[in-house]
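The values are calculated or read from the model by the stated rules, or taken from the named source; none is laboratory data. From a predicted model like this one, the values you see are computed outputs, not experimental measurements. Cβ coordinates were reconstructed from backbone atoms using ideal geometry, including for glycine residues, and neighbour counts include every protein chain displayed. These area figures cover heavy atoms from the full protein model, side chains too; ligands, DNA and RNA do not enter into them. Shrake-Rupley method; radii C 1.70, N 1.55, O 1.52, S 1.80 Å.
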Amino acid sequence: MTELQSERKNANWDRLFGPFLESWAVFKAPQTKSRHIIAYWTREQLKALGFFRNSEARRLPRFVAWQYFALIQLLTSMASLVYGAREHIGDTVNLGRDLVFIITAIFICFRLVFLAQYADEIDVIIDDLEDIYHWSIKGPGWKEVQENKRLRFLLFMAVVISWFTSLIIFMLIKISTPFWIESQILPFHVAWPFQLHDPAKHPIAHVIIYVSQSTTMLYFLIWLGVVENMGVSIFYELTSALRVLCIELRNLQELCLGDEEMLFRELCRMTNFHQQIILLSDRCNQIFNGAFIMQMLINFLLVSLSLFEVLAAKRDPQVAAEYMVILLMTLGHLSFWSKFGDMFSEESKQVALAVYEAYDPNVGSKTIHRQFCFFIQRAQKPLIMRAAPFPPFNLENNMFILKQCYSILTILANTLE
């Protein structure tokens, strides 16, 4: 029994650090590519953290017990945050700080509900993308496809490593604040019945609350980071599939060498491949629609609130700096999704150009020419990462949100004065 538990622990550590070890192995070996897509690795990380609630996990008692324990810890922390926020009513700066963390906790809860509801469907999408990733590519574009997959994997992992490094540094600073700020006795301002959080009256209870706060925040922010990476990486893999399709199309005539039967067969295969990407894109937008709406609202609230609090706390550089860090992390999160949404749309537009480049009016029958025309017409409609009824995720709409935040900030600043 002890050996089995040891094997499970080792397997969980392997799952948690798997993508980082894989990226290092791929980086050292220029001729290799990752064994799996990034969405697969992030799903493994969620399983290692014990909070990927698909059908398989719900049948395992130890995972269910852990999930209930972690959820109780999160809800208890939220309740103490809300209870503590009442003490700061009338204090704009400190109340704003409490609201930032309450909103973040609400966002985490929403992500938990979302993943519990759609884990099985996300499983299916990741498995489909994994199958596409392992398709064998024939012809002159093979080497370019392999290099593209390797480069895209390393680029995304570089972003992930940078994001996690920033997140962990922020968490460590936040956890350590009671040791170097005299006025702060806990990482977050909370209130408990009977003043259990007061170290002078209840030192043991205070230590327990400190440990609970620190571990709960560390666990759920890491979990949230992995969930966000998984969501973005699904659309990133769709973008990579579109790039592979473009490479194949640009090498189509060289592959077929005037063989009309082979040209028609390969063109039909690529048309079906494009249709599969479109269907997966539509399904992803359906699944993530509610999550996207909540994400845009939360980001809007956090950016507006952080900007306002930076202005309100301008006489206290330490508090203003804390809000600036929160603001930069929120903007980074919003830009993270927007940039990959942009890449997804731009790559989908390239498909029509690649089909046009592959078309040779001197080669093929009328049936092949009609197939090319149909392909070009369908590929002209760009694919988007959308949250209906809100506009798509891209950098242009990202700037629009920032402008709206600035407008609200101006109104609030005038009110404050």
Open item on the list: Looking at the structure I just gave you, is residue 194 at positive phi and either open to solvent by 10 Å² or more (accessible area, probe 1.4 Å) or not in a helix (DSSP H, G or I) (or both)?
Closed with: yes
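Filter the stretch 378-403 for residues that are in a loop (DSSP other than H, G, I, E, B) and among the charged types (D, E, K, R) and give the result.
From the stretch 378-403, those in a loop (DSSP other than H, G, I, E, B) are 380-386, 388-389, 391-394; that's our starting set.
Residues satisfying the conditions are 381, 386.
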TODO: Scan (1) within 26 Å of the chain's Cα centre (by Cα); (2) over 26 Å from residue 208 (Cβ atoms) for the single condition residue 89 breaks and write down its number.
DONE: (1)
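Take residue 87 and tell me if it is modelled with pLDDT of 90 or more, acidic (Asp, Glu) and more than 24 Å from residue 334 (Cβ to Cβ).
On the way: modelled with pLDDT of 90 or more: no; acidic (Asp, Glu): yes; more than 24 Å from residue 334 (Cβ to Cβ): yes.
Considered against the rule, which asks whether it is modelled with pLDDT of 90 or more, acidic (Asp, Glu) and more than 24 Å from residue 334 (Cβ to Cβ), residue 87 comes out as no.
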Task: Scope the stretch 237-264; condition within 18 Å of the chain's Cα centre (by Cα) and open to solvent by 10 Å² or more (accessible area, probe 1.4 Å); matching residues - done: 237, 240
Task: Qualifying residues in the stretch 333-351 (those that are open to solvent by 30 Å² or more (accessible area, probe 1.4 Å) and touching a residue at least 60 places away in the same chain (Cβ under 8 Å)) - the one farthest from residue 248 (Cα to Cα) - done: 335
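Residue by residue through the stretch 133-158, note down the ones that are among the hydrophobic types (A, V, I, L, M, F, W, C) and crowded, with 18+ Cβ neighbours inside 10 Å. Steps first, answer last, please.
So in the stretch 133-158, the residues among the hydrophobic types (A, V, I, L, M, F, W, C) come out as 135, 137, 142, 145, 151, 153-158.
The answer is 145, 153, 156, 157.
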Open item on the list: Could you check the stretch 105-144 and list, in sequence order, the residues that are over 23 Å from residue 298 (Cβ atoms), modelled with pLDDT of 90 or more and among the β-branched types (Val, Ile, Thr)?
Closed with: 124, 125, 126, 132
Open item on the list: For the stretch 175-204: of the residues being within 37 Å of the chain's Cα centre (by Cα) and among the β-branched types (Val, Ile, Thr), which is nearest to residue 73 (Cα to Cα)?
Closed with: 190
Task: Long-range neighbours under 6 Å by Cβ, at least six apart or interchain, first residue over 25 Å from residue 39 (Cα atoms) within the stretch 281-305, second in a helix (DSSP H, G or I) and open to solvent by 40 Å² or more (accessible area, probe 1.4 Å) - done: 304/408
- [ ] Return yes when residue 319 is modelled with pLDDT of 90 or more, among the β-branched types (Val, Ile, Thr) and either closer than 20 Å to residue 231 by Cα or open to solvent by less than 20 Å² (accessible area, probe 1.4 Å) (or both) and no when it is not.
- [x] no
TODO: Determine whether the stretch 245-256 contains at least one residue that is at pLDDT 90 or above, over 18 Å from residue 16 (Cβ atoms) and in contact with a His (Cβ under 8 Å, 6 or more places away or on another chain).
DONE: yes
